[in-house]
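Worksheet for the structure shown next.
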Amino acid sequence: MTPAQASSPAAVHVRARGWGWRHGGRKAFAARGLDLDIRPGERVLLLGASGAGKSTVLSGLAGLLGTGDEGEQEGELLLDGAHPAEARGRAGLVLQDPETQVVLARVGDEVAFAAENLSVPREEIWRRVGRALDDVGLDLPLDHPTTALSGGQKQRLALASVLAMEPGLLLLDEPTANLDPEGILEVRDAVVRVLERTGATLVVVEHRVAVWADVVDRVVVLDAGGGVLADGPPGTVLAEGPTRDRLAAAGVWVPGWQPDVGGPLPAGGGEALLSASGLTVARTKRGPAAVEDLGIEVRAAGALSITGPNGAGKSTAALTLGALLRPRAGRLEASAALAGTADGNPFRWRSSELVQRIGTVFQEPEHQFLTATVGDELEFGPRRVSGAPDLRRVTDVAERLRLTHLLKANPFTLSGGEKRRLSVATMLATAPRILILDEPTFGQDAGTWAELVTLLRELIDDGVSVLSVTHDADFIAALGGATLHISGGAGRLVTR
Amino acid sequence: MASSTALNGTSPRTRQWRVVDIVVASVIAVAVGVLFFAWSAGYSGISLLTAGFPPLAGLYSGGWLIAAVLGGLIIRKPGAAIYCEVLAAAVEALLGSHFGMTVLLSGVIQGIGAELVFLLFLYRKWNLTVALLAGLGAGLALAISENILYNALWTFEFKLLYTVFAAISGIVIAGLLSWLAMRGLAKTGVLSSFAAGRTADV
Amino acid sequence: MSTDHLTPVLTGKTLLRANPVSKLFAAVVITLALMASIDWVSAAVVLACELVLMPLLGISAVGLARRIWPLLVAAAIGAYGTALLAEKTGRVLLDVGPLLFTEGSVAAGIAVGLRGLALALPGIFLLLTTDPTDLADALAQKLRLPHRFVLGALASLRLVGLLVEEWESLGLARHARGIGSDGSIVARTRNLLGQSFGLIVQAIRRATRLATAMEARGFGGGTRTWARESTLAPLDAAVAAVGLLIAGGAVTAAVLAGTWNFILS
């Protein structure tokens with residue numbers, strides 16, 4: 001048990017010997033052959049290709065890997081010589097998704113939750129709550145509703161909640177992958193502050209290495225085949241050389257490197273497809289308007305990026321331009337080039353007419369999966385459009401997005417990158433002139449990022465209009481075109 | 001039922017509820033509560049229809065019972081059907097139900113109807129037949145309790161008719177739909193922490 | 001669909017201070033008394049008491065009406081159904097085609113309608129004056145319900161708002177794939193089932209992650225302490241007593257009036 005009174009708990013020593021874990025019902029080990037020693041107070045960035053078992057190692061360290069039919073363990077993994085499950089509270093884990101980490105309705109209760117679970121006495125709990133909120137810089141009343149927090153604030157709250165256990169080992173599993181640039185810095189700085197006060201051991205997993213490279217003093221790279229591929233100070237491991245190249249090839253965002261997707265595209269300037277004037281957009285029928293008096297023209301063979309702070313109404317504007325949400329006021333008109341035989345008002349289109357003209361790729365690919373196999377998923381759109389569809393295009397799209405070997409697989413079982421490719425492919429199957437994407441590069445590794453950017457550039461070259469909601473400056477630069485910056489309920493067009 | 005024999009199989013090794021059992025059971029109940037709320041919005045015509053001939057409401061009642069059967073089929077632990085149904089009832093109360101505190105009692109009774117069937121098979125069988133029987137059990141429990149608590153003044157023939165409708169609805173909506181949902185969920189891989197997801201041959 | 005339902009604005013200063021357990025007790029005894037019999041006297045007595053206590057909710061008549069109008073509709077439908085299907089005793093009041101209403105059946109209908117309304121209101125009292133976290137604290141600390149289940153349920157209730165939003169996104173995302181609200185009733189039903197399946201997949205994904213997050217914070221052990229103490233005060237005795245009084249009064253009045261009609265007799 002944790003001594004509840006210890007105000008500054010000793011940092012944890014981590015030791016792994018030939019450690020491995022296989023999830024119940026799976027044949028392959030998720031992690032294997034791990035030999036590792038992490039000294040108390042060390043700050044470690046854990047890297048590796050997706051599937052190398054980074055999250056499994058963190059779960060193991062957090063004592064979350066069960067027993068019995070949940071899986072099989074080999075070797076040993078110890079925190080200060082004890083099995084992690086028996087060292088409850090010694091390790092605190094913060095996960096990726098801000099939304100599913102909040103347990104309770106009020107900020108103070110949320111932080112207290114972890115301490116309650118460790119049977120900390122009441123007075124001590126509230127003392128810890130105050131200090132933990134202080135540590136992460138959340139200056140909010142204790143009864144502040146947790147639903148009213150931004151993504152970055154939620155992650156800092158999750159961190160505070162973990163701190164209330166006074167852990168000697170802090171585990172962070174892609175804590176900033178779902179955040180906008182501002183949120184990323186917020187969380188990173190909070191972690192640094194916490195480590196300075198507590199001196200706890202840190203193990204962080206993150207694709208975007210640049211965020212953490214200056215904070216950690218050691219980088220450990222897991223080999224997809226098991227064991228450790230590289231281990232050393234960030235300057236050494238990430239320096240030019242074979243390790244850095246292998247990391248980049250595995251999709252890790254090593255600092256100062258960016259996938260090569262080719263030079264700037266020629267300035268777009270195709271025919272107008274869609275024009276909006278005086279458009280006021282709102283997410284719900286009765287709710288407040290998100291953006292007012294939007295005027296914009298969407299042209300063929302060009303890119304348009306919608307940027308702005310979180311919650312400014314970027315997605316709402318994109319969904320309205322995609323003819324999915326009805327505008328509160330103003331007009332959206334399709335040119336003859338886009339509408340063809342259909343009505344000039346996109347909101348009069350039947351859904352089968354819509355998919356041939358505008359494709360919208362949602363942020364969560366699973367929201368758009370409709371069938372039980374990848375093949376059916378790709379054919380779904382064309383079959384909506386015509387009873388006897390030309391399936392050659394489907395084959396082409398599958399080929400182009402490297403989905404051919406997955407045609408029989410269930411869409412939900414694909415990896416994150418594959419799901420993203422499939423969601424784009426399903427839209428391309430009906431050859432829309434306009435492709436709208438909501439945060440297409442969020443949380444993607446460098447490999448998927450490069451693939452997606454290359455594809456979109458080809459599409460633009462083919463005359464498609466690509467409209468994206470994004471925070472990703474590199475992505476915007478790679479696609480070129482115009483930028484619509486939305487903030488404070490208004491949109492401002494920036495043309496390069 | 002070639003595919004059902006694959007799902008027929010194993011139960012979890014321990015009867016103890018793990019944290020993931022509790023949270024997933026709770027969220028299934030919540031999701032079913034939300035769904036039922038959404039469905040009611042989609043089929044407002046039905047309430048008019050049943051207003052014309054009230055026993056017809058029995059045909060719709062299976063929707064209330066999905067939480068019990070689906071929760072039981074996925075969690076596979078004693079008490080899962082009752083727990084899910086009671087919590088789903090609580091969510092319906094929260095979203096604005098017409099029946100106040102009594103939904104909780106109804107939830108217990110309907111949950112017991114499904115739970116008894118799972119118990120009868122000693123929490124070992126989870127095939128289509130068991131799912132349909134659990135739906136039937138919940139439907140009958142619903143009909144009997146509604147007939148006593150609300151429809152008490154109806155004449156016997158109408159109570160009987162209501163019972164038959166509720167039984168059919170329990171079998172089809174709660175039993176069949178839940179079983180199909182369980183099978184579909186197993187194929188998506190989201191049930192990998194559960195016996196229901198691991199034993200499915202997908 | 002509005003998310004206002006999910007985080008009700010709590011009103012009624014006095015009742016808000018009472019422990020949820022005492023409010024629950026009062027609501028349950030009143031409900032039990034009402035359920036035991038279907039008669040207009042006991043229902044009317046409870047309903048009258050509930051109306052007298054309405055000011056305790058601290059909500060305007062209009063605000064209340066906006067909240068409870070579905071209950072009024074439901075009570076009316078229940079009354080009509082019973083009037084239509086109950087034994088046709090007494091003088092015939094209306095006889096049009098298949099519709100036959102008599103004095104006896106209409107009286108039965110009125111009793112059912114009043115009872116339905118009286119049954120629904122204790123739930124509204126509880127809902128409008130009780131914070132879910134306080135309720136969970138009280139259930140686990142005072143009623144000694146297993147804390148893992150109480151807190152698991154509480155945490156999952158927080159996902160209601162998220163799932164409602166997810167339902168709306170799913171609808172738009174599927175529309176973008178070419179599934180519209182256009183189409184036959186069969187196509188629409190199939191779409192609704194598909195969207196429901198999509199929601200359950202997301203719900204289970206989120207639930208699994210939430211469970212991990214909770215376990216990572218030490219949740220799931222045999223014992224725990226409570227940062228917030230659930231306490232009982234004299235006010236709670238008063239709330240419980242009022243509940244007992246209303247329930248007892250309703251039963252006594254019905255028995256004295258000779259209308260008591262036990263549901264299992």
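The values are calculated or read from the model by the stated rules, or taken from the named source; none is laboratory data. Here the structure is a predicted model, which is why all the values come from computation and not from measurement. Cβ coordinates were reconstructed from backbone atoms using ideal geometry, including for glycine residues, and neighbour counts include every protein chain displayed. What goes into the accessible areas is simple: the full protein's heavy atoms, side chains included, and nothing from ligands, DNA or RNA. Shrake-Rupley method; radii C 1.70, N 1.55, O 1.52, S 1.80 Å.
Taking interchain pairs and intrachain pairs at least six residues apart, which have beta carbon atoms under 6 angstrom, with the first residue in the range C:142-154 and open to solvent by 50 Å² or more (accessible area, probe 1.4 Å) and the second not basic (Lys, Arg)?
C:Lys142/C:Val21; C:Lys142/C:Ser230; C:Leu145/C:Leu139
Quick check on my filter: what residues within the range B:118-143 are buried (at least 24 other Cβ atoms within 10 Å of the Cβ), more than 30 Å from C:Gly161 (Cβ to Cβ) and at pLDDT below 95?
Within the range B:118-143, B:Trp126, B:Ala143 qualify.
Say whether the condition of being touching a residue at least 40 places away in the same chain (Cβ under 8 Å), over 28 Å from the mean Cα position of the chain (by Cα) and either more than 28 Å from A:Phe29 (Cα to Cα) or not in a loop (DSSP other than H, G, I, E, B) (or both) is met by at least one residue in the range A:281-290.
No, the range A:281-290 contains no residue that is touching a residue at least 40 places away in the same chain (Cβ under 8 Å), over 28 Å from the mean Cα position of the chain (by Cα) and either more than 28 Å from A:Phe29 (Cα to Cα) or not in a loop (DSSP other than H, G, I, E, B) (or both).
Could you say which residue among C:Ala203, C:Ala247, C:Ala240 is at pLDDT 95 or above, closer than 28 Å to C:Asp134 by Cβ and touching a Phe, Trp or Tyr at 6+ places or on another chain (Cβ under 6 Å)?
Exactly one residue qualifies, and that residue is C:Ala240.
I need the strands (runs of 3 or more DSSP E) fully contained in the range A:69-181, keeping only those with at least 3 residues that are small (Gly, Ala, Ser), in contact (Cβ under 8 Å) with a residue 40 or more places away in the chain and at the interface with another protein chain (Cβ under 8 Å from one of its Cβ atoms).
Counting at least 3 such residues, we get no strands (runs of 3 or more DSSP E) at all.
Suppose we filter the range C:145-156 for residues that are more than 7 Å from chain B (Cβ to nearest Cβ) and within 17 Å of A:Ser119 (Cβ to Cβ); how many remain?
4
Okay, residues lined up against (1) touching a residue at least 12 places away in the same chain (Cβ under 8 Å); (2) surrounded by fewer than 21 Cβ atoms within 10 Å (Cβ to Cβ); (3) polar (S, T, N, Q):
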site	(1), (2), (3)
A:Ala409	yes, yes, no
A:Ser415	yes, yes, yes
A:Arg421	yes, no, no
A:Val424	yes, no, no
A:Glu439	yes, no, no
A:Gln444	yes, no, yes
A:Leu493	yes, yes, no
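Going residue by residue through the range C:212-220, is there one that turns out to be surrounded by 23 or more Cβ atoms within 10 Å (Cβ to Cβ), within 21 Å of A:Ser423 (Cβ to Cβ), within 10 Å of chain A (Cβ to nearest Cβ) and of a type in the set (Gly, Ala, Ser)?
no
Could you tell me how many of the residues in the range C:238-258 are loosely packed, with under 12 Cβ neighbours inside 10 Å and part of a helix (DSSP H, G or I)?
Matching residues across the range C:238-258 total 1.
If we scan the range A:229-237, do we find a residue that is surrounded by 16 or more Cβ atoms within 10 Å (Cβ to Cβ), touching a residue at least 24 places away in the same chain (Cβ under 8 Å) and over 13 Å from A:Leu46 (Cβ atoms)?
There is no residue in the range A:229-237 that is surrounded by 16 or more Cβ atoms within 10 Å (Cβ to Cβ), touching a residue at least 24 places away in the same chain (Cβ under 8 Å) and over 13 Å from A:Leu46 (Cβ atoms).
Which of the residues that make up the range A:368-382 are away from chain C (no Cβ under 11 Å) and buried (at least 22 other Cβ atoms within 10 Å of the Cβ)?
Across the range A:368-382, the qualifying residues are A:Val374, A:Leu378.
Answer with yes or no whether A:Arg22 is assigned to a loop (DSSP other than H, G, I, E, B) and either within 14 Å of chain B (Cβ to nearest Cβ) or surrounded by 20 or more Cβ atoms within 10 Å (Cβ to Cβ) (or both).
In short, no.
Inspect all residues belonging to the range B:123-138 and state whether any of them is in contact with a Pro (Cβ under 8 Å, 6 or more places away or on another chain), part of a loop (DSSP other than H, G, I, E, B) and among the hydroxyl-bearing types (Ser, Thr, Tyr).
Taking every residue of the range B:123-138 in turn, at least one turns out to be in contact with a Pro (Cβ under 8 Å, 6 or more places away or on another chain), part of a loop (DSSP other than H, G, I, E, B) and among the hydroxyl-bearing types (Ser, Thr, Tyr).
Could you look through the range A:300-326, keep only residues that are within 14 Å of chain C (Cβ to nearest Cβ) and part of a loop (DSSP other than H, G, I, E, B), and pick out the one that is most open to solvent (accessible area, probe 1.4 Å)?
A:Arg326
Take the residues in the range A:42-52 that are open to solvent by less than 30 Å² (accessible area, probe 1.4 Å) and at pLDDT 90 or above, then tell me which one is farthest from A:Thr176 (Cα to Cα).
A:Glu42
Among B:Glu115, B:Glu146, which is the only one that is surrounded by 24 or more Cβ atoms within 10 Å (Cβ to Cβ), assigned to a helix (DSSP H, G or I) and either more than 11 Å from chain C (Cβ to nearest Cβ) or at pLDDT below 90 (or both)?
The unique qualifying residue is B:Glu115.
Taking the range B:60-94 as the search range and keeping residues that are of a type outside the set (Asp, Glu), open to solvent by 10 Å² or more (accessible area, probe 1.4 Å) and under 17 Å from B:Phe37 (Cα atoms), which one is farthest from the other protein chains (Cβ to nearest Cβ)?
B:Trp64
Checking the condition farther than 30 Å from A:Ser55 by Cβ and among the small types (Gly, Ala, Ser), which residue from A:Gly295, A:Gly226 passes?
Criteria check complete, one pass: A:Gly295.
Test C:Ala257 against the criterion of being more than 10 Å from chain A (Cβ to nearest Cβ) and at pLDDT 95 or above, and give yes or no.
no
Return the total of residues in the range C:66-75 being at pLDDT 80 or above and more than 9 Å from chain B (Cβ to nearest Cβ).
The total comes to 1.
Against the definition (of a type in the set (Lys, Arg), under 26 Å from the mean Cα position of the chain (by Cα) and away from chain C (no Cβ under 11 Å)), how does A:Arg392 come out, yes or no?
So A:Arg392 does not fit the description; no.
Any residue in the range C:76-101 that is within 21 Å of B:Leu160 (Cβ to Cβ) and part of a helix (DSSP H, G or I) sitting within a Cβ distance under 6 Å of a residue that is open to solvent by 30 Å² or more (accessible area, probe 1.4 Å) and at pLDDT below 85? List the pairs, counting only those 6 or more apart or interchain.
Final answer for the pair search is C:Thr82/B:Leu153.
Looking at C:Leu127, C:Leu121, C:Leu85, can you tell me which residue is at the interface with chain B (Cβ under 9 Å from one of its Cβ atoms), buried (at least 22 other Cβ atoms within 10 Å of the Cβ) and under 24 Å from the mean Cα position of the chain (by Cα)?
Exactly one of C:Leu127, C:Leu121, C:Leu85 is at the interface with chain B (Cβ under 9 Å from one of its Cβ atoms), buried (at least 22 other Cβ atoms within 10 Å of the Cβ) and under 24 Å from the mean Cα position of the chain (by Cα), namely C:Leu121.
Considering only the range C:221-237, state which residues are assigned to a loop (DSSP other than H, G, I, E, B) and either within 14 Å of chain A (Cβ to nearest Cβ) or free of Cβ contacts under 8 Å to residues at least 40 places away in the same chain (or both).
Answer for the range C:221-237, where residues must be assigned to a loop (DSSP other than H, G, I, E, B) and either within 14 Å of chain A (Cβ to nearest Cβ) or free of Cβ contacts under 8 Å to residues at least 40 places away in the same chain (or both): C:Gly221, C:Gly222, C:Thr223, C:Arg224, C:Thr225, C:Trp226, C:Ala227, C:Arg228, C:Glu229, C:Ser230, C:Thr231.
Just the residues that are at the interface with chain B (Cβ under 7 Å from one of its Cβ atoms) and not aliphatic (A, V, I, L, M), please, taken from the range C:181-202.
Selection gives C:Ser196, C:Phe197.
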